[in-house]
Amino acid sequence: MKFHLSTAILSVALTIPSVISAQQASTPTTHGIVVANIDPSVKPGDDFYDYANGAWIKRTEIPPDRALVDVFSQLDDLSNQRTADLIKEIASSPATAGSPTRKVADLFNSYMDEVGIETRGLTPLRPHLDAIAAIKNKHELAHYLGSTLRADVDALNNTNFHTPNLFGLWVAPGFSDFEHYTPYLMQGGIELPDREYYLDASEQMQKLRTAYQAHIAAMLKLAGFSDTDARAKRIFDLEHDIAQTHRTLADNEDIHRANNPWTVAEFSTNAPGLDWTEYFRGAGLSDVKNYIVWQPEAFEGEAALVESTPLETWKDWLAFHVTEDYADVLPKALDKERFSFFGKQLAGTEQQRPRWQRGVFIVNTYLGDVVGQIYAQRFFSPEAKAQAQAMVANLIAAFHKRIEALDWMNPSTKAEAQAKLSSLYVGIGYPETWHDYSNYEVKADDAFGNGWRGDLSEYHRRVAQLGKSVDRKEWSMTPQTVNAVNLPLQNALNFPAAILQPPFYDPLAPAAVNYGAIGSVIGHEISHTFDTEGSTFDAKGRLRNWWTDADLKHFEASTARLAAQYDTYKPFPDLAINGKQTLAENIADVAGISAAYDGYHASLAGKAAPSRDGFTPDQQFFIAFGQNWATKERDEALRTQVMTDPHSPGEYRAATVRNIDAWYAAFDVKPGEKLYLAPDQRVRIW
Ligand SMILES: [Zn+2]
């Protein structure tokens, strides 16, 4: 599970994280909490989020090319600016053909070559449309569908359950064979972010569906198809039928329902309708004998749809998908049409990002470790790494103590939890080994091909891992990513260099502020080791229940109370937070801030810390936590987030403090104030 999901939402909308805005206001110019962002007219006990961030919210405007502005997007700006500068530097220095740095330069320059892209027109797309047009029967269709399989989903690390291809592949340690990389197959086939976009009855969603169908027709027209309205209707209906077979996001997160081992022979009996032998041959997986199928009913339903839906509809669906998915490297008219739906209507963004910012995103996607290696050397000092490691050690020590002190947990369960904590691999800043991109061919004048081969190269890299020994220290994020991640099957955490900087982490800031800001992020990730997800994996990353029934009962009862707490939050009159969908992340927020608070006080070793700007150390700790969550977001994007994101919106993450006793003392919060919870109503989990 990663800490923050905005990039996934944004990538759907093609409004990628990017560079330079006028709104750098919350980046501190002093080392510590940003006093200028506080709204002193708000009582902390009434609305802690608004208290910590109200002045920033009032003066901040969302730039026209953004769906949101928050602390993460501001750090993304910085990280992307640095990455862009590195790319420029790489591009201007001579590099041997085929070398990784030459690939970076060629990839970026080809993406920037809009004149060349325009001149080539639909030519790069043509062979794919021709291949689709040449499909003569369902047998050939199955082979072609197999050839579209990509390693573009990730159930537990970067938590991405969406692929527009029929299915998606995730390669990770096996649920029962934790020592070897195993193929997980996941549902797919829809372009809109989630099944609810096709099925939800709200007026908002109905409007989006009408607009989406018009968008399909427009894309087909631009790709040279006739009779586009009728084709668009059939494509939409097919996606609607596919969506009906899909699991909900909340159900996708239920790991026990996901552990469905299928042998290759079982696909035809469990999910008849698709020629699976041809499908796997097309995917280059003929030698693979065992899979884990995340959502069996979706595989059954989608395979049946391959049989029951006319071949011509599937061919139109394929043609639309390839056009849609590579629109950014096709002539401008297609790129603009895609943005007008996914950027404007779906995310509410007014303007598309400048091309060069999107080019940085492409380089990060296809050659992220090449740039990341240089980024880490330049922007993450050994001293910063050592200090962050010391902080992690304090947080882990705090968790050891918290577990030991739990009165409800069985000693045998405690021992398992402690063992898991002791063997946790915590990656700080950057990985110990880097991805090899030697199988990725990049051409200076082929933006479309570079995108196509980039997706394929990542797929081949992942397929080549199948059956091999697991490297528990493998990272799932680049150093230049502003995020953090828990890898449950590896019992590992990654904290990339790009999040280990102000305002999250500043070696010159008081310890209270660092523990409140990055400490709560680190605590959040460590706690995933034990949450609803983590409690299903043991110290080795094996899917094995290490809880007693009584422990589980207590845990489920406390977490149900937290789910109910979040169910009461309503960002819109007609849309509440889904406490179940966001439960794992909300638990992690409660646990993270609790452990960070303990870690902070342990770090003081009995010495008193000074007040600053009139704020006590504990007040600074909580304000720093609250300021992590400063967000301005367009309504459309916020709706998408509430419906599809396992994380609660920032405002409600900041409200986590109402479960922490020390927060009440720090701000003298009294009964009657809006966030006040009686001591027995505060949720304590770890
Ligand atoms: Zn998380």
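The values are calculated or read from the model by the stated rules, or taken from the named source; none is laboratory data. Please read all numbers here as calculations on a predicted model, not as lab measurements. So basically every Cβ, Gly included, is an ideal-geometry build from the backbone, and we count neighbours across all protein chains shown. The area values use the complete protein model at the heavy-atom level, side chains included, leaving out ligands, DNA and RNA. Shrake-Rupley method; radii C 1.70, N 1.55, O 1.52, S 1.80 Å.
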Subject >> Tensor-based shape of region 279-346 (alpha-carbon gyration tensor, a/c under 1.5 rounded, otherwise prolate or oblate) >> reply: prolate
**OP:** Can you spot the lysines whose alpha carbon is less than 21 Å from residue 607's alpha carbon? Ignore those fewer than 8 places along the same chain.
**Re:** 401
Subject >> Helical contribution to [θ] at 222 nm, DSSP H n ≥ 4, -39,500 (n - 2.57), averaged over the chain, rounded to 500 >> reply: -15500 deg cm²/dmol
Original post:
DSSP beta bridges in the chain, what fraction antiparallel, as a percent rounded to 5?
Top reply: 75 percent
Subject >> When the convex hull of its Cα atoms is projected in every direction, mean area for region 237-387 (nm²) >> reply: 14.3 nm²
Subject >> Cβ-based net charge around residue 336, under 15 Å, with every Lys or Arg adding one and every Asp or Glu removing one >> reply: -1
Original post:
Relative to a virtual label point 7 Å from the Cα of residue 635 in the Cα→beta-carbon direction, which members of region 176-220 show backbone nitrogen distances below 13 Å?
Top reply: 203-205
Subject >> Kirkwood Rh, angstrom, the chain [1 / mean 1/r, Cα pairs] >> reply: 26.0 Å
Subject >> Nearby lysines by direct alpha-carbon distance to residue 221 (threshold 28 angstrom, same-chain neighbours under 8 apart not counted) >> reply: 136, 138, 207, 233, 315, 332, 336, 344
Subject >> With every protein chain in place, the chain: carbon and sulfur % of accessible area (1.4 Å) >> reply: 53 percent
Original post:
Where a Cα-Cα gap under 26 Å defines reach, which lysines qualify for residue 670, not counting those fewer than 8 residues away within the same chain?
Top reply: 43, 570
